[in-house]
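Step one of this worksheet: look at the structure below.
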Amino acid sequence: MRARIWGCRGSLAAPGPETVRYGGNTSCVEVRLDDGTAIVLDAGTGIRPLGLQLDREQVKVVHLLLSHLHMDHLQGLGFFRPIYDAGVELHVWGPPSTVQSLEDRIGAYLSPPLFPVSLSEIPSKLFFHDAPDAPWQIGSASVLAVTVAHQGPTLGYRIEEGGRSLAYIPDHEPSIGVDLRSLGEDWLSGHAVAREADVLIHDAQYSEEEYPLHVGWGHSSIEHVVTFAQLAKVKRLLLFHHDPHHSDEELDALCVRARELWPDCGDRLAVGAEGMEIVLSALPSEPSLIDR
């Protein structure tokens, strides 16, 4: 299993000279399984260049796993080139709702006046699925979706293949007025997804100084994400969903602070960046990170 980050910015795309190293595109992570199956985590603006790559490779079946339907995780879908190919089969998985189907909720965005093309006019074969409560199979991997603490229905995903696991929780506020270390596993939001994962990609939007002004906004401080990773006993942690106001230098500083909070992490902690690749082999060695 290999993963590649195509977008790791949160809330709003932030291109410019101050965000060149870590990237300005919003959430999108590509996962390729050993059997060649293509899984895409979220459809932020990073899905546009990914779509060009999949189109060049002539990938005809794609599974898109949406954590939730906030715009920064959905706004790239209309610019995802494979959906305009009648030979492509796109399976869209997302959080269930008792009010509207997943198709109708996405269709509210992919329709005029918000978008010039209606969902019904898209030529690819679209299949919409509510993410099930129990693990299910996509290609050669087992996938688990669990509701996590964020504004609106939001899922964290765990993908397991060949004895390796990748956990993805891009938007998460596990600590609202409580000390995370005081919570048992059953009460810790997202623990079932992250537990002993080889790699955890996790929301790290705020510094500890910024967080008190954003309590309840659905995102983690650096202290929260490090504590969460420690409690879940993950092997590697990638900081993700960077605040659009944070420059590359500010993200460097947040990484320094994260390492202070986790002094024995060694090379197991890094800041997510566009172009970063993650290799999870079936061998007993540690998962590796390959920068651009």
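Some observations on this one:
- The residues of segment 201-213 that are within 16 Å of E223 (Cβ to Cβ) and surrounded by 24 or more Cβ atoms within 10 Å (Cβ to Cβ), listed by number, are H202, D203, A204, Q205, Y206.
- Among the residues examined, G152 qualifies as within 17 Å of the chain's Cα centre (by Cα), at pLDDT below 95 and of a type outside the set (A, V, I, L, M, F, W, C).
- Residue count for segment 6-32 satisfying the condition of being not small (G, A, S) and not in a loop (DSSP other than H, G, I, E, B): 11.
- Residue in segment 131-149 that is of a type outside the set (K, R), over 22 Å from I39 (Cβ atoms), free of Cβ contacts under 8 Å to residues at least 60 places away in the same chain and surrounded by 13 or more Cβ atoms within 10 Å (Cβ to Cβ) present: no
- Check on G23, out of contact with any Asp or Glu (no Cβ under 6 Å at 6 or more places or on another chain), surrounded by 22 or more Cβ atoms within 10 Å (Cβ to Cβ) and of a type in the set (G, A, S): no
- Of the residues making up segment 181-192, those that are out of contact with any strand residue (DSSP E or B) (no Cβ under 9 Å at 6 or more places or on another chain) and either assigned to a loop (DSSP other than H, G, I, E, B) or buried (at least 19 other Cβ atoms within 10 Å of the Cβ) (or both) number 3.
- Residues satisfying the stated conditions in segment 162-201, i.e. touching a Gly at 6+ places or on another chain (Cβ under 8 Å) and of a type outside the set (G, A, S): Y168, I169, P170, D171, H172, E173, P174, I176, V193, I201
- Leading residue by the ranking (farthest from the chain's Cα centre (by Cα)) among those in segment 57-107 that are outside any strand (DSSP E or B), of a type in the set (D, E) and more than 19 Å from C8 (Cα to Cα): D85
- Output for segment 150-165, where each listed residue is out of contact with any Asp or Glu (no Cβ under 7 Å at 6 or more places or on another chain) and surrounded by fewer than 21 Cβ atoms within 10 Å (Cβ to Cβ): Q151, G152, P153, E160, G163
- Only one of D42, D72, D85, D35 that is surrounded by 18 or more Cβ atoms within 10 Å (Cβ to Cβ), over 15 Å from M276 (Cα atoms), out of contact with any strand residue (DSSP E or B) (no Cβ under 7 Å at 6 or more places or on another chain) and not hydrophobic (A, V, I, L, M, F, W, C): D85
- Within segment 155-200, considering residues that are over 23 Å from T26 (Cβ atoms) and among the small types (G, A, S), the one modelled with the lowest pLDDT: G177
A quick yes/no check of all residues on (1) within 21 Å of L251 (Cβ to Cβ); (2) free of Cβ contacts under 8 Å to residues at least 12 places away in the same chain; (3) in contact with a Leu (Cβ under 9 Å, 6 or more places away or on another chain):
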site	(1), (2), (3)
A3	yes, no, yes
R32	no, no, no
I39	no, no, yes
R48	no, no, no
G94	no, no, yes
G107	no, no, yes
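The values are calculated or read from the model by the stated rules, or taken from the named source; none is laboratory data. Here the structure is a predicted model, which is why all the values come from computation and not from measurement. Note that we place each Cβ from the backbone using ideal geometry, even for glycine, and neighbour counts take in every protein chain shown.
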